[in-house]
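To start, the structure under review is shown below, and the notes come after it.
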Amino acid sequence: MTPPSTTGPTPAPATDARSNWAGNITFGARRFHRPSSVAELRRLVAGSERVRALGTGHSFNDIADTSGDLVSVAGLPERVEIAQDGRTVTVSAGIRYGDLAARLHARGHALHNLGSLPHISVAGACATATHGSGERNGNLATAVRAMELVTADGELVTVSRETDGDRFPGMVVGLGALGVVTALTLEIEPSYDLRQYVYQDLPGAELHNRLDDVLGAGYSVSLFTDWTGTGIDQVWRKLRVDGDDSPATSDWYGATLATRPLHPVPGMSAVNCTEQLGVPGPWHTRLPHFRLEFTPSSGEELQSEYFVARTDARDALDALATVRDRIAPVLQISEIRTVAADDLWLSPSYRRDSVALHFTWVKDTSAVTPVLAAIEERLAPFAARPHWGKLHGVDPEVVRGRYPRWSDFIALRDEYDPRGKFRNEWSDRYLPTDH
């Protein structure tokens, strides 16, 4: 849920996948598995000393790696079971959002939001609090009402908001530390249509003076900039036809309505982007920035993302502007978007309406790393929370201090995984334990 890509990810990895989609992480697992049943998965987990689940491989750090068994849930039987009351759907963990969305729409249903890439798996996106955009839209994990997961002893358990009370918000964004999720139950709603308009060259002064108006000007709004100047290169406004379907004007806060489809990255073809120019269409064909049917061959990029409180957004952007000259040379594109507050313990938007500052970098870790340090220094006064699945250099102890329910999550993790079966090097840094 993922922020803009120059291309988009490939489908779920095969059982012998040796690296993540971007190719910047080589997995250290001794064995790779793609079980075809939950029973097979349960036996595998019960018999493993160390195990981690792998989604579509669209993380940019070592969160999914392990020294033991790496398990893809993409081979589990597909489930899309809509409840009789039409309010929820239970889905298999490895299903991609784009595939699920098409199935839901065909039956008159919708999700509240989607990420910019429809290729990511439901379980992977929810486990890391990945998200779409919209000031009243929570991240994708806020739709979760129940989960089925295989715990460290191989047992299959079901947890839900109804039965587990205050503990459940601690389980949804579980970072792979509680078990291997096999299915999730998501809230759904009646299907809806959207129009998508793109505006170009929003002046920097208008952004500064009208930031709240700009970010709130649609069901979902994304701002794209290459940080070479003070303004915004493109504003993507997604308007619900049954709601804020206001007519588009050619001049909007000083920005100009695009007359042809555009790609967020300058110079890239818009052929793989979702339809623009205000043409109405179903939610799942407008909320993502990219089309599901486009299947690229590689991911020549790195990604980072930081969440600050909505009230700090203007000051945070001003702070980043002081290192614009360092950001621009190693950047492909940057996206600015909103996420509504939620109650999920390890969500970067926990109890604060947030603005997400996303960066799609060139694929050069050595060049990007010092720029991340400069960004993080500027964002430190705003207690920025980095995305769990992306590159950053914020000290793990500092990260932990930015989550009020951190100690509660550690207690929950130790209850579900007392022997550290789901630990890895990443969790040893961010989820320290005495085991």
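What value, in deg cm²/dmol to 500, does the helix sum -39500 (n - 2.57) over DSSP H runs of n ≥ 4 give at 222 nm once divided by the residues of the chain?
Numbers: 13 runs with 96 residues, N = 435.
Estimated from H runs of four or more residues: -5500 deg cm²/dmol.
Taking every pair of alpha-carbon atoms in region 343-421, give the share separated by more than 19 Å as a whole percent.
Cα-Cα pairs of region 343-421 separated by over 19 Å account for 46 percent.
Taking the Cα centre of the chain as origin and charging only Cβ (+1 Lys, Arg; -1 Asp, Glu), how large is the dipole, in debye to the nearest 20?
That gives a dipole near 600 debye.
Near Ala356, within a Cβ-to-Cβ distance under 9 Å, what is the net charge of the other residues, with Lys and Arg +1 and Asp and Glu -1? Please report the intermediate quantities before stating the final value.
Working: positive: Arg337; negative: Glu305, Glu335.
Neighbourhood net charge equals -1.
Quick check: pseudo-label points 7 Å beyond the Cα along Cα→Cβ at Arg419 and Val362, how many nm apart are they?
If labels sit at Arg419 and Val362, their model points lie 4.9 nm apart.
Give, as a single signed number, the net charge of other residues whose beta carbon lies under 15 Å from the beta carbon of Pro169, with Lys and Arg counted +1 and Asp and Glu -1. Don't skip to the answer; put the middle values down first.
On the way: positive: Arg145, Arg161, Arg167, Arg351, Arg352, Arg405, Arg413; negative: Glu162, Asp164, Asp166, Glu187, Asp342, Asp343, Asp408.
Computed value for this residue: 0.
Arrange the peptides 266-277, 179-190 so that the one whose residues have, on average, the most other Cβ atoms within 10 Å appears first.
Most protected by this proxy first, the peptides run 179-190, 266-277.
Can you tell me how much longer the chain between Asp242 and Glu275 gets when fully stretched, taken as 0.36 nm per residue apart minus their C-alpha distance, in nm with one decimal?
Additional length available on full extension: 10.0 nm.
For helix 365-379, report the angle its Cα long axis makes with the longest principal axis of the Cα atoms of the chain; keep it between 0 and 90° and round to the nearest 10°.
It is inclined by approximately 70 degrees.
Taking region 17-121, which chymotrypsin sites (Phe, Trp or Tyr not before Pro) meet the DSSP loop condition and have no more than 12 other C-beta atoms within 10 Å?
Taking region 17-121 and a limit of 12 other Cβ atoms within 10 Å, no loop chymotrypsin sites (Phe, Trp or Tyr not before Pro) are found.
Below 8 Å, C-alpha to C-alpha, sequence gap of six or more: please give me the relative contact order for the chain in percent.
Across the chain, relative contact order equals 19 percent.
Which one of Pro35, Thr163, Leu207 has its Cα pushed farthest toward the positive end of the charge dipole of the chain, where Lys and Arg give +1 and Asp and Glu give -1 at the Cβ?
Most positive-ward Cα: Pro35.
List every residue whose amide H lies under 5 Å from the amide H of Arg352, counting only residues 5 or more places away in sequence or on a different chain, with H placed 1.01 Å from N in the peptide plane.
Asp342
Exposure proxy check: Ser347, Ser407, Ser67 ranked by fewest other beta carbons within 10 Å?
On the way: Ser347 27, Ser407 10, Ser67 15.
Starting with the residue having the fewest Cβ neighbours, the order is Ser407, Ser67, Ser347.
Lys/Arg Cβ at +1, Asp/Glu Cβ at -1, dipole of the chain taken about the Cα centre: which of Ile25, Trp236, Ser269 is farthest positive-ward?
Ranked along the dipole, the leading option is Ile25.
Quick check: pseudo-label points 7 Å beyond the Cα along Cα→Cβ at Thr433 and Arg87, how many nm apart are they?
Spacing of the two 7 Å Cα→Cβ label points: 3.6 nm.
Specify the inter-centroid distance of region 309-325 and region 60-86, based on alpha-carbon positions, in whole Å.
So the two Cα centres are separated by 36 Å.
Could you tell me the calculated FRET efficiency between Arg31 and Asp318, based on Cβ-Cβ distance and R0 = 41 angstrom, to the nearest 0.05?
0.25
We did not get these values from a lab; they are worked out from the coordinates using the rules stated. What you see is a predicted model; the values in this text were computed from it and never measured. Positions of Cβ are generated from backbone atoms using ideal geometry, with glycine treated the same way; all protein chains shown enter the neighbour counts.
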